Amino acid sequence: MKEQILLFHFDDEARLSAVRKALLPLHISCRVVPEEEWNRPVGALVGLETVVQEELEAAELTAEVLLLCGLTGPGIQLAVAALRKAGLYIPYKAALTPTNKDWTVEQLFFELYQEHQYMQQNRAPKHTEE
């Protein structure tokens, strides 16, 4: 599988352009996945054999989701750093794995949302001196 990034729910053309511009130096292609394909397993979107996981919980996709496909650890770090350097905050991002390749983007979003909520609730409070 070639290195690529799948983008879901990127409706703002300026943000989409900024994401593409940030990743351009890394030579990673980005593909906006149209809504009519959101019910397919995410692995199938990049040509992998998949099994539909209907019993998993799903959530309506209400935010941008970025899925890094075919990137190794260093490639993932470079991509995330490039987005951060460009000032792009995308809280719902993941790497394609053997576990999540069978999920739809709505199932993936549910898991990412739950994880994000957990991290926000368990974030250590900042100490301030008075």
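The values are calculated or read from the model by the stated rules, or taken from the named source; none is laboratory data. Just so we're clear, the structure is a prediction, and the values are computed from it rather than from any experiment. Cβ coordinates were reconstructed from backbone atoms using ideal geometry, including for glycine residues, and neighbour counts include every protein chain displayed. Areas reflect the complete protein model, heavy atoms only, side chains present, ligands, DNA and RNA absent. Shrake-Rupley method; radii C 1.70, N 1.55, O 1.52, S 1.80 Å.
Show the residues, 5+ positions off or on another chain, whose built amide H is closer than 5 Å to the amide H of residue 95.
68
How high is the FRET efficiency from residue 36 to residue 62, r the C-beta distance, R0 25 Å, rounded to 0.05?
Efficiency, from the Cβ-Cβ distance: 0.90.
Using a 1.4 Å probe on the protein chains only, how many percent of the accessible area of segment 1-120 belongs to carbon and sulfur?
53
What share of Cα pairs, in percent, lie more than 27 angstrom apart in the chain?
Values: 1690 of 8385 pairs.
Taking all Cα-Cα pairs of the chain, the fraction more than 27 Å apart is 20 percent.
Taking H as built 1.01 Å from N, whose amide H comes closer than 5 Å to the amide H of residue 32, not counting residues under 5 places away?
Residues meeting the amide H criterion: 7.
Can you run phi through the Karplus equation (6.51, -1.76, 1.60; θ = phi - 60°) for segment 37-53 and list ³J(HN,Hα) in whole Hz, with x for Gly and Pro?
Values, residue by residue: 9, 5, 8, 8, x, 4, x, 5, 5, 10, x, 8, 6, 9, 10, 5, 10 Hz.
Dimensions of segment 65-129 along principal axes (Cα, Å, largest first)?
47, 26, 18
Sum -39500 (n - 2.57) across every DSSP H segment of at least 4 residues in the chain, then divide by the residue count to get the 222 nm mean residue ellipticity, nearest 500.
That calculation yields -10000 deg cm²/dmol at 222 nm.
Extending each Cα 7 Å along its Cβ direction at residue 76 and residue 11, get the distance between those two points in nm, one decimal.
Here the modelled spin labels are 2.9 nm apart.
So what is the relative contact order of the chain, in percent, for Cα pairs below 8 Å that sit 6 or more residues apart?
The value is 33 percent.
How big is the gap, in Å, between the Cα center of segment 51-68 and the Cα center of segment 75-92?
Between the Cα centres of segment 51-68 and segment 75-92 lies a distance of 21 Å.
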